[in-house]
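The values are calculated or read from the model by the stated rules, or taken from the named source; none is laboratory data. This structure is a prediction, so every number in the text was calculated from the model and none was measured. Here Cβ is always computed from backbone atoms with ideal geometry, including for glycine, and neighbour counts include all displayed protein chains. Ligands, DNA and RNA are excluded from the accessible area calculation, which covers all protein heavy atoms including side chains. Shrake-Rupley method; radii C 1.70, N 1.55, O 1.52, S 1.80 Å.
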Amino acid sequence: MSPTAGRPTTPRPTRRTLLTAALTGGAVLGLGGLLTACGSSDGSGSGSASGASGGGTAKPSGGTSPDQKSVKQGGDDYATVIEKMKGFGTDAAPGVYPRTIKHAMGETVLPAKPTRVVVLDTGELDNVVSLGIQPVGVVHTDGSKTMPSYLGDKAGSPANVGTINSLNLEAIAALKPDLILGSQLRAQDQYAQLSKIAPTVFSLRPGYPWKQNFLLNATPFGLEAEAKAQLDAYQASAAAIGAKLGDKRPTITPLRFMPGKTRLYAELSFIGTILTDAQLPQPKIEQVKELAVEISPEQIDKADADWVFYGVYGTPSSTNQDAVLGGALWKTLGAVKSGQARPVPDETWFLGLGVAAANVVLADLKGFVAPGA
């Protein structure tokens, strides 16, 4: 019997596209379990550690379902995410279908090149639009229930199929997609149902492994080479910033105000990888192998750096942003005194999670810290 789309197949001993072989990033170090977090875009995935059940289920890579709480808190799963993704991808030649794609939930067969894709996170949205594909369905974050403005009209007018934390499966099914893209962290418990609707490909998690996720999301369309070319161009632009600054590289703090918390984003975050690629150092408190460091309003002085770029998730009134920015301690920061504490768009700096957003962030950084790079 031939493989069924969205169902597991027996692994074949043939060559396979290795996602990280196309990238220039370095190795990932271990974590200290510094804080509770999930992805760079905050919305949480299901807290259940159980795997998907029912017809059409794919066996999770590695044989067992990872503990999702552990993933959201960092720990070993977060530390080794890029290493685990090295086996993801396809051994199919460009343009050849059917193709089998290995991903976080097992293997999925694509009988033909997809034309109707539903994306379940901001990174997947950025990825497909960057490849010239307009999705038919999209979810939004709880903090911003509109299409990201930085994508302009390139994304078309996809239907709303819920939020990152609350998928509308009926709305997804009504769109008759031939591909669904998401992540294990966000929607592992819905995978079985989603894979009954359409072939479904999941990354491990959003955020930090955004480059690997881009290459994985390109494989159903046979556009791996295009994705690699875009990442190479991004990498060159990032390197140009560090080269322009030479030894005079200012420290950068990415600060984010969120409901109930204030974060200094660290090395294993979307913005953290961009700063690393641009050779822009962060203050010592942020030089940790984690998503972020959480601080209280009374600790806002820990955010000080040569430049502080701050964003807000959702509306400012739902966070302590106004109280912090209007407080006496904020005014003592060196970056504030020098006029180098600036607001930045949350939708790109913290929520974009893809190459298009990364390029916007690079353009912002050039304008602020490295004009002419």
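What number of residues within the range 130-160 satisfy the criterion of being among the basic types (Lys, Arg) and either under 22 Å from Glu170 (Cβ atoms) or open to solvent by less than 20 Å² (accessible area, probe 1.4 Å) (or both)? Lay out the reasoning, then the answer.
From the range 130-160, those among the basic types (Lys, Arg) are 145, 154; that's our starting set.
So of that shortlist, the ones also either under 22 Å from Glu170 (Cβ atoms) or open to solvent by less than 20 Å² (accessible area, probe 1.4 Å) (or both) come out as 145.
Qualifying residue count for the region: 1.
Of the residues making up the range 282-298, those that are under 17 Å from Tyr208 (Cα atoms) and without any contact (Cβ under 8 Å) to a residue 40 or more places away in the chain are Gln282, Glu286, Gln287.
Confirm whether Thr146 is among the polar types (S, T, N, Q), farther than 24 Å from Pro345 by Cα and either free of Cβ contacts under 8 Å to residues at least 24 places away in the same chain or not in a helix (DSSP H, G or I) (or both). Please lay out each step first, then the result.
Values: among the polar types (S, T, N, Q): yes; farther than 24 Å from Pro345 by Cα: no; either free of Cβ contacts under 8 Å to residues at least 24 places away in the same chain or not in a helix (DSSP H, G or I) (or both): yes.
So Thr146 fails the test.
Within the option set Val119, Val139, being touching a Gly at 6+ places or on another chain (Cβ under 6 Å) and within 19 Å of Asn213 (Cα to Cα) holds for one residue only, Val139. Restricting the range 250-269 to residues that are more than 18 Å from the chain's Cα centre (by Cα) and assigned to a loop (DSSP other than H, G, I, E, B) leaves a set whose member that is surrounded by the fewest Cβ atoms within 10 Å (Cβ to Cβ) is Gly260.
Can you find a residue in the range 174-181 that is under 15 Å from Phe88 (Cα atoms), at pLDDT 95 or above, of a type outside the set (Gly, Ala, Ser) and surrounded by 24 or more Cβ atoms within 10 Å (Cβ to Cβ)? Full working, then the answer.
Kept after step one, since they are under 15 Å from Phe88 (Cα atoms), are these residues of the range 174-181: 181.
Cutting the leftovers down to at pLDDT 95 or above gives us 181.
Applying the additional criterion that residues be of a type outside the set (Gly, Ala, Ser) yields 181.
Then keep just the ones that are surrounded by 24 or more Cβ atoms within 10 Å (Cβ to Cβ); that gives 181.
Yes: one or more hits.
From the list Glu267, Glu226, the lone residue that is touching a residue at least 12 places away in the same chain (Cβ under 8 Å), within 30 Å of Ala93 (Cα to Cα) and of a type in the set (D, E, K, R) is Glu226.
Test Leu329 against the stated conditions and say whether it is within 16 Å of Thr251 (Cα to Cα) and either among the β-branched types (Val, Ile, Thr) or in contact (Cβ under 8 Å) with a residue 12 or more places away in the chain (or both). Reasoning before the result, please.
Details: within 16 Å of Thr251 (Cα to Cα): no; either among the β-branched types (Val, Ile, Thr) or in contact (Cβ under 8 Å) with a residue 12 or more places away in the chain (or both): yes.
Spelling it out, it is not the case that Leu329 is within 16 Å of Thr251 (Cα to Cα) and either among the β-branched types (Val, Ile, Thr) or in contact (Cβ under 8 Å) with a residue 12 or more places away in the chain (or both).
Give the residue, chosen from Ala218, Ala225, Ala233, Ala229, that is more than 23 Å from Leu365 (Cα to Cα), open to solvent by 10 Å² or more (accessible area, probe 1.4 Å), hydrophobic (A, V, I, L, M, F, W, C) and part of a helix (DSSP H, G or I).
Details: Ala218 fails: open to solvent by 10 Å² or more (accessible area, probe 1.4 Å); Ala233 fails: more than 23 Å from Leu365 (Cα to Cα); Ala229 fails: more than 23 Å from Leu365 (Cα to Cα).
Unique residue meeting the criteria: Ala225.
Within this structure, Val361 fails the test of being hydrophobic (A, V, I, L, M, F, W, C) and open to solvent by 10 Å² or more (accessible area, probe 1.4 Å).
From the list Gly272, Gly207, Gly246, pick out the single residue that is modelled with pLDDT under 95 and open to solvent by less than 10 Å² (accessible area, probe 1.4 Å). Write out each step before concluding.
Working: Gly272 fails: modelled with pLDDT under 95; Gly246 fails: open to solvent by less than 10 Å² (accessible area, probe 1.4 Å).
Residue meeting the stated conditions: Gly207.
Of all the numbered requirements in (1) in a loop (DSSP other than H, G, I, E, B); (2) touching a Pro at 6+ places or on another chain (Cβ under 9 Å), Asp247 misses one, and that requirement is (2).
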